[in-house]
Every structure is written in C-alpha cells, then in structure tokens.
Amino acid sequence: MEEGDEYRRWDELIPDALGLIFRNLPLQEMLTMVPRVCKSWSRAVSGPYCWQEINIEEWSTRCRPDHLDRMLQMLIMRSCGSLRKLCVSGLHKDTNFSFLADHAGSLQTLRIPRSDISDSIVEQIAGRLSTVTFLDVSYCTKISGRALEAIGNHCKLLVGLCRNMHPLDAEGLEAQDDEAYAIATTMPKLKRLEIAYHLVSTESLLQILSSCTNLEFMDLRGCWNVNLDDKFFKEKFQKLTVLGPLVVEDYYETNDWEEDCSEYSDDSDYLAWGFLAGDGGDYDDDESYEEMWDDEGRLEELELRFYEGADAGLYGWPPSP
C-alpha cells in the first residue's frame, strides 16, 4: 500500500454520506463554514441530503420574521421534496404554510409551535399533509376544533399530537371541548397526546380515552376541569402513562414561557444574511467570501442567482431513497 493510500479522501464521499455527517453540525456551521471547505462539500450542503430533517426551532425564536420566511423557503427548496422532519417556531404568514404543504410529500414530523396558523388555512392545506405521523401545534392560539378535525380527517397516520397551551392563553375561555371531541372522533391511532393547560372536561377526556385505545402517554398538566385521579388511570388504563392534571413543578418557567422573541441577536442576523447570500455554487477563497458579507449589493445579487436556479438538479443528484 502506498503512503498516500492511507489517507481517506473525505471530499470523495458520496453526497448522501456527507449529508449524514453534516447533520451533526450546528446549523450556522453547516450553512456558512462547510460550503467554504471545497467544491464537493459545497455541493453536498446545497443539496437534499443535508435537509431531509430541518430543525431551526431554536434559531427561529430569536430571528427577524422576514429572515425566517426566507430561510425556511430556501431550506425547503434545498430538500427537493425529500423533507421528512421540520421544526420551526413562530410562522406568521399563510403563505408559509401553503409553501410548506406544497413540499410536504415525504413529511412525517412537523413541529410549528407558536405559529399564527388559522382554522381556514389548516382546512386548505391538511389534505397535503397526509404523510405526517407527528404534529406539534402547541401555543397556536388561532386554531380550534375545526383545524384539529381537518387534520384528523386527512392525516390518517397520525400517532402523536402536541397541543399544549400557555396558561394565560386559556384565561377567559369557557371550554375547549370542541378540540377534545375532534381528537376523539378523527385520531384513533394516537399513541402520544399532550394537551397541557387545556380547558377540557372529564366527559370529553373520557371520549378521547374510549376512542384512542392505542394511547401510551398523555400530558394533562393544568387541565383543572378533569376530575380523574391516579387510581382511575391505574385501574382502567394500566399501559397509559399520565402526567397531571396537578402541576408539580413550575412548568411554564422551565419551558421558557416568557422568552422575549422580539429581540434579534447579532448571531441570528449574521446567520440569515450569510446563508441567504450563498448561492450554493462554486467554491471560492476566503477573501471572496468576506467580500460577499460586506457588500450589500452582492448579497442581493447572489440571493437572486440562487432563486433563479441553484438547486439539486444542477448537480445531477439521484432522488434520495
């Protein structure tokens, strides 16, 4: 064996393998550092293999809304229809949900907490989310039983639902039994259900328990109107783990309820512009990249070039399995 053969050529790994490796990196490094290493890595991070699972939930809570819109659309476009998991917080436009649904043919896990999603837009897009098996619409205050019914009617594979509420969001509401009944009548395959701080009654909860016979876990913390104790669950549903209704800990404090999402950090601003400027194309030297960050005119030009066609098809990648 020649001495040169002892070294592994990381730049010659197939894009699928590189994608599996790059997914372990922080988002900012994946978007701003990896493309600068070599042409092979730049092509890999621009293609679908790195974006079958997109988790920008933490970043989205502190970025500017316009940056979030552009970042989300660009990452979904990079997935080229292979998107399986998406976690993002605070979506605020109906166009975002429509765009997501248009590219959700392979989507299995969808987390969109704290989003301004409405009953009407859910009813419009639910039919395009038929592959989703886990959904998180916690703290989405503009939806009701109508939206959950539409989801249940179209997402027949759904086994997990998170619909937790902030205690202050439930203040002043009389009841949310419409949501409980929608879950009971349309989501029989549920194994995990989280409805913390919902104003559901004992009767509506019993309807869920009788209809969703596969349930393994329920979060009922803060559901004060539910009159069922631990003894009842242990006797009737031995395989079901239940949290609540009593709240043992300061739940909303440990989950950053009062996080101020209106303050945009310098890091999030840099990440958004740094990534949106990238055209996913040829590798260049560090000096040229520094010019990209500093020159506002070139940023807009590069972003336009990306939208005009820098996608996976450019490199001839086969569909992801």
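Since every read-out is calculated from the coordinates, none of them should be taken as a lab result. Since this is a predicted model, take the numbers as computed values, not measurements.
At a glance:
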{"item": "Candidate lysines for bridging to K231, where Cα separation is under 24 Å - those fewer than 8 sequence places away on the same chain excluded", "result": "K191, K239"}
{"item": "Pairs of alpha carbons in the stretch 103-245 whose separation is greater than 21 Å (percent)", "result": "37 percent"}
{"item": "Rotationally averaged projected area of the stretch 42-171 (alpha carbon convex hull; nm²)", "result": "7.7 nm²"}
{"item": "Distribution of pairwise C-alpha distances over the stretch 81-154, 5 Å bins, in %", "result": "3, 18, 31, 32, 14, 2, 0"}
